[in-house]
1. Would you mind checking LYS217/LYS238; LYS132/LYS238; LYS132/LYS210; LYS116/LYS217 for any pair whose Cα atoms are more than 31 angstrom apart?
2. Taking only DSSP H segments of four or more residues, each worth -39500 (n - 2.57), what value at 222 nm results for the chain once the sum is divided by all its residues, to the nearest 500 deg cm²/dmol?
3. Find the all-direction average of the projected area of the Cα convex hull for region 109-239, expressing the result in square nanometres with one decimal place.
4. Compute the signed sum of charges (Lys and Arg +1, Asp and Glu -1) over the other residues within less than 14 Å, Cβ to Cβ, of TYR221.
5. Angle, helix 170-179 long axis vs. longest principal axis of the chain, Cα atoms, 0 to 90°, nearest 10?
6. Can you give the extra length, in nm with one decimal, that the chain gains between THR166 and ARG199 once fully stretched, where that is 0.36 nm per residue apart less the Cα-Cα distance?
7. Taking a ≥ b ≥ c as the square roots of the Cα gyration tensor eigenvalues, with a/c under 1.5 meaning rounded and otherwise prolate when a/b beats b/c, else oblate, which class fits region 172-239?
8. Subtract the Cα-Cα distance of ASN175 and ASP37 from 0.36 nm times their separation in residues, and report this length gain in nm to one decimal.
Amino acid sequence: ATFIHSDHTYLNSHIARWMYNRDDVPGERMIRVPTGDPRRGGILTMPAVMTATANGVDTSPIVRGVWLLENILGTPPSPPPPDVEPLSPDLSKAKTIRDQLELHRKHEACASCHRKIDPIGFGLENFDAAGKWRTTEVHRIKSRRNWKTIKTWKIDTSGAFHNGPTFANYFELRNRIAEREPDFAHGFTEALISYALGRPFGFSDEDLAKQILTDAKAKQYSISEFIQSLVLSQTFRKK
């Protein structure tokens, strides 16, 4: 649960000022500091994650939804059919990304996957493409000399997990994920094995994953227990 909902983070003075508008962190060395802010703390709020699930300019509930399902809950969606058309990036016709995705889900070829992906991805829309907190989204276009605001709208972060439950905002999303500790532990174990072995997680790794999960559960899912169980395994030692 601490991995998802933490009361501390690591910052230096530059990151604290730029990302969090804090001037209470001294020096350029990364140090542990209390968040003092319910919008911060845990892997879901990390700027690196938010940047990796955006294109540098715009956010995408689709990409973030897939990331949550794959890396946090360990329930990846099916790959998209090869002939599905991408979403239009044009938001100038008074349509939010939520509106566009609602239309996208009306296509039969898209609905089965997007019903699972989109509703959970909306929960992270309070974080912009760099991970800064926001409550409104602004769509701009660039003219010859500067950027022009076309539309501003309030962000709606309500959504739902596939087959429930629903959530009203990011905070409820985070709490629902923290309650699903076994699911997160399973996804984390697969990612850890993949990273440690330098290859994708495969069917032959299932027994190793089960052993790591058994060991970790006995120690209240301590992160150190995941790592110790892995490095002491025959699979890792023969790598």
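The values are calculated or read from the model by the stated rules, or taken from the named source; none is laboratory data. In this text, all values refer to a predicted model and were calculated from it rather than measured experimentally. Every residue, glycine among them, receives a Cβ derived from its backbone with ideal geometry; neighbour counts consider all protein chains shown. Accessible surface is based on the protein model in full, side chains and every heavy atom, while ligands, DNA and RNA are left aside. Shrake-Rupley method; radii C 1.70, N 1.55, O 1.52, S 1.80 Å.
1. Details: LYS217/LYS238 25 Å; LYS132/LYS238 43 Å; LYS132/LYS210 37 Å; LYS116/LYS217 28 Å.
Going by Cα-Cα distance, LYS132/LYS238; LYS132/LYS210 fall outside the 31 Å limit.
2. Theoretical 222 nm ellipticity from helices: -11500 deg cm²/dmol.
3. Working: hull surface 50.0 nm².
Mean projected area of the Cα convex hull: 12.5 nm².
4. Numbers: positive: ARG180, LYS217, LYS219; negative: GLU179, GLU181, ASP183, ASP215, GLU225.
After counting each charged neighbour, the total is -2.
5. The helix 170-179 is inclined about 20 degrees to the chain.
6. Numbers: separation 33, 0.36 × 33 = 11.88 nm, distance 3.50 nm.
Full extension from THR166 to ARG199 adds 8.4 nm.
7. Numbers: a/c = 2.39, a/b = 1.66, b/c = 1.44.
Judged from the Cα gyration tensor, region 172-239 comes out prolate (a/c at least 1.5, a/b above b/c).
8. Details: separation 138, 0.36 × 138 = 49.68 nm, distance 1.51 nm.
Contour length minus Cα-Cα distance gives 48.2 nm.
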